[in-house]
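All remarks here apply to the structure that follows.
The values are calculated or read from the model by the stated rules, or taken from the named source; none is laboratory data. What you see is a predicted model, and the numbers here were worked out from it, not measured in a lab. Positions of Cβ are generated from backbone atoms using ideal geometry, with glycine treated the same way; all protein chains shown enter the neighbour counts. In case anyone asks, the SASA skips ligands and DNA or RNA and just uses the protein heavy atoms, side chains included. Shrake-Rupley method; radii C 1.70, N 1.55, O 1.52, S 1.80 Å.
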Amino acid sequence: MLVGDFEILAIRAGTYWWDGGAVFGVVPKTLWGKKFQADDLNRIEQGFNCYLIRTGEHTILIETGLGDKRDERARERMRVPAQPVCIAETLARHSVDPESVDTVIDSHLHWDHCSGNTIVRDGRPEPALPRARYFASRGEWEHAHERLIRDGVSYLDENYDPLVESGRMTLVDGDFEVAPGVWMRRAPGHNRDMMVVTAESAGETFCFLSDLVPTHAHTQPSWVSAFDLYPLQAIETKTEWLACAADRRWICAFAHDPLVDFAHIEHHPKTRFQAIALSIVGS
Ligand SMILES: [Zn+2]
């Protein structure tokens, strides 16, 4: 996908199957079931969606997927192949040289977004992309270490602490320009400090909405997932971002949509917004 002078690639680091009720929160299955087909354990397919931005000067990877993390039982529970695939291999499968990646952005530090940051060798986590500088939100990193009862289970310190300790990860305070035109912007709701990523070039904008809008179905503002810590704020933040995306014809991407790689957002009289797919997996 071309966005101004930037080239953007959807990098799919595999899919997993997660409880449909959790993904859609208070939305009844009679409604979400029209959009996603559940398996016999009520799980629906979700993507570990990463995106690569080539600006000409920088090669930036957003998110790093599951990598080699989670034990066999967890992998089976979410129908992920037993054999782990590291992010370098995933990139190579998409014809991207892993060595070319000089920047990695973690929208937030939940395991389903950044477990490919590091790979464990001889019991020790090392950077999976040795040439890259990593970026994450400081507030999110501090929150990860609070290990609250509600969401402590979402964090694995080996995904980021070794990078912070070795100086490879920069923790940013609020909105931050990672490279010319490429911004991390705080978008609270899913949690307090999750970042949306925008890339602007020659009057066009790409926007990775991360878990603010995890799939195309979540463009309806009241469709918030049960994982969101602040659902009312999620609705408010999402409405603001989607209005912007619709009015300015941004090219958007979702963190977990199993099919839609890129989409436009349009206003809709009934559901407020709807996603119009521009490109789906394999096309
Ligand atoms: Zn997520």
Residue list for region 185-200, filter: in a strand (DSSP E or B) and either of a type in the set (A, V, I, L, M, F, W, C) or open to solvent by less than 10 Å² (accessible area, probe 1.4 Å) (or both): M195, V196, V197, T198, A199
Region 109-126, residues that are open to solvent by less than 40 Å² (accessible area, probe 1.4 Å) and either of a type in the set (S, T, Y) or away from the ligand (no atom under 16 Å from the Cβ) (or both): S115, T118, I119
Only one of V80, V153, V164 that is touching a residue at least 60 places away in the same chain (Cβ under 8 Å), of a type in the set (V, I, T) and more than 15 Å from I62 (Cβ to Cβ): V80
Hits in region 225-263 (condition: in a strand (DSSP E or B) and more than 15 Å from the ligand (Cβ to nearest atom)): I251, C252, V260, D261, F262, A263
Failed item in (1) of a type outside the set (F, W, Y); (2) modelled with pLDDT of 95 or more; (3) more than 21 Å from T103 (Cβ to Cβ), with D151 passing the rest: (2)
Failed item in (1) among the small types (G, A, S); (2) buried (at least 22 other Cβ atoms within 10 Å of the Cβ); (3) more than 18 Å from T219 (Cα to Cα); (4) free of Cβ contacts under 8 Å to residues at least 60 places away in the same chain, with A74 passing the rest: (2)
Candidates S166, S210, S222, S201 - the one that is small (G, A, S), closer than 20 Å to G25 by Cα and away from the ligand (no atom under 16 Å from the Cβ): S222
Number of the condition not met by L156 [criteria: (1) within 30 Å of R124 (Cβ to Cβ); (2) away from the ligand (no atom under 16 Å from the Cβ); (3) of a type in the set (A, V, I, L, M, F, W, C)]: (2)
Qualifying residues in region 22-41 (those that are open to solvent by less than 30 Å² (accessible area, probe 1.4 Å) and in a helix (DSSP H, G or I)) - the one nearest to R93 (Cα to Cα): V23
Matching entry among A217, A226, A179, A199 (being out of contact with any Leu (no Cβ under 8 Å at 6 or more places or on another chain) and closer than 22 Å to P269 by Cβ): A217
Condition check for A277: open to solvent by less than 70 Å² (accessible area, probe 1.4 Å) and touching a residue at least 60 places away in the same chain (Cβ under 8 Å): yes
Meets criteria (modelled with pLDDT of 95 or more and either farther than 22 Å from Y230 by Cα or more than 15 Å from the ligand (Cβ to nearest atom) (or both)) for G139: yes
